[in-house]
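First up is the structure itself, then whatever we jot down about it.
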Amino acid sequence: MKTITLITLFVGALAFITNAYASVSGNLQVTTDYLWRGKTQANNKAAVNGGLDYSAESYYAGVWVSSLDGGSETNYYAGTDINGFDVGLIKYEFSGSGDATEAYVGYSISGFDLAYAQDLDESSNEFLSVSYALPSVIAGVDAVLTYGDVSKLNSAEDYDYMQLDLSYGDLTISLIDDDAVGTTSAVSYSWAL
């Protein structure tokens, strides 16, 4: 009986400690176009997306869902911080058109955010981006400039892009210049849940 009581106390204490350093959050967004890595994912149509995130002291996991033109996308992800590097896996599932899994790593230094991802199903598919938060010119308006490079198995599908995100509170305007398609834009509004 003492063993069961000690185990119960231990499990209860462990649950309390884990919950003391963990949080759950959610988000919801409406956008005039779901843009990802410089390209429309909703065929230039409006989209609704949202996610649920769990974060603890040294790791995080979550799910994110978005409407697409005629379907949906669901992403599952988990990651951790290793000496300042954000390292993780993300699984993309697309209704009716398969899925993909990526490993990613990110790092921030001197105001720059660096990111690299590689498709685990097709190692020739890679993504690299560099982002920088520009100095504020108008009070309350934040601006982030991103350069992205996408390499595909078929090199004819390779492209790079520049993206400028202007945010005021929960409202974001995204402007993208993609060397394959040209200029694209979207307006988004987000809510934290």
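The values are calculated or read from the model by the stated rules, or taken from the named source; none is laboratory data. Please read these numbers as outputs of a predicted model, since none were measured by experiment. Cβ coordinates were reconstructed from backbone atoms using ideal geometry, including for glycine residues, and neighbour counts include every protein chain displayed. Ligands, DNA and RNA are excluded from the accessible area calculation, which covers all protein heavy atoms including side chains. Shrake-Rupley method; radii C 1.70, N 1.55, O 1.52, S 1.80 Å.
Points worth noting:
- Relative to the longest principal axis of the Cα atoms of the chain, helix 2-20 runs at roughly 30 degrees.
- Taking the helices alone, the chain has a mean residue ellipticity at 222 nm of -3500 deg cm²/dmol, built from -39,500 (n - 2.57) per DSSP H run of at least 4 residues and averaged over all its residues.
- Taking all Cα pairs closer than 8 Å and separated by 6 or more residues, the relative contact order of the chain comes to 15 percent.
- Tyr54-Trp191 FRET efficiency (beta carbon distance; Förster radius 25 Å; 0.05 resolution): 0.85
- Selection from Val130, Thr184, Tyr76 lying farthest towards where the dipole of the chain points positive, charges on Cβ: Tyr76
- Correct option for volume of the Cα convex hull per residue in Å³ [calculated from the coordinates] among (1) 125; (2) 168; (3) 177: (2)
- Cut-off of 10 Å, at most 13 other beta carbons, DSSP loop: longest stretch of the chain lacking such GluC sites (Glu not before Pro): 123-193
- In the stretch 35-114, a dipole from Cβ-located charges (positive for Lys and Arg, negative for Asp and Glu) runs towards its positive end, and of Leu114, Phe85, Ser97 it is Ser97 whose Cα lies farthest in that direction.
- Ignoring aspartates and glutamates fewer than eight residues from Lys45 along the same chain, the ones with Cα atoms less than 16 angstrom from its Cα are Asp33, Asp69, Glu73.
- Per residue, the solvent-accessible area of the chain (1.4 Å probe, heavy atoms of protein chains only, all protein chains present) comes to 61 Å².
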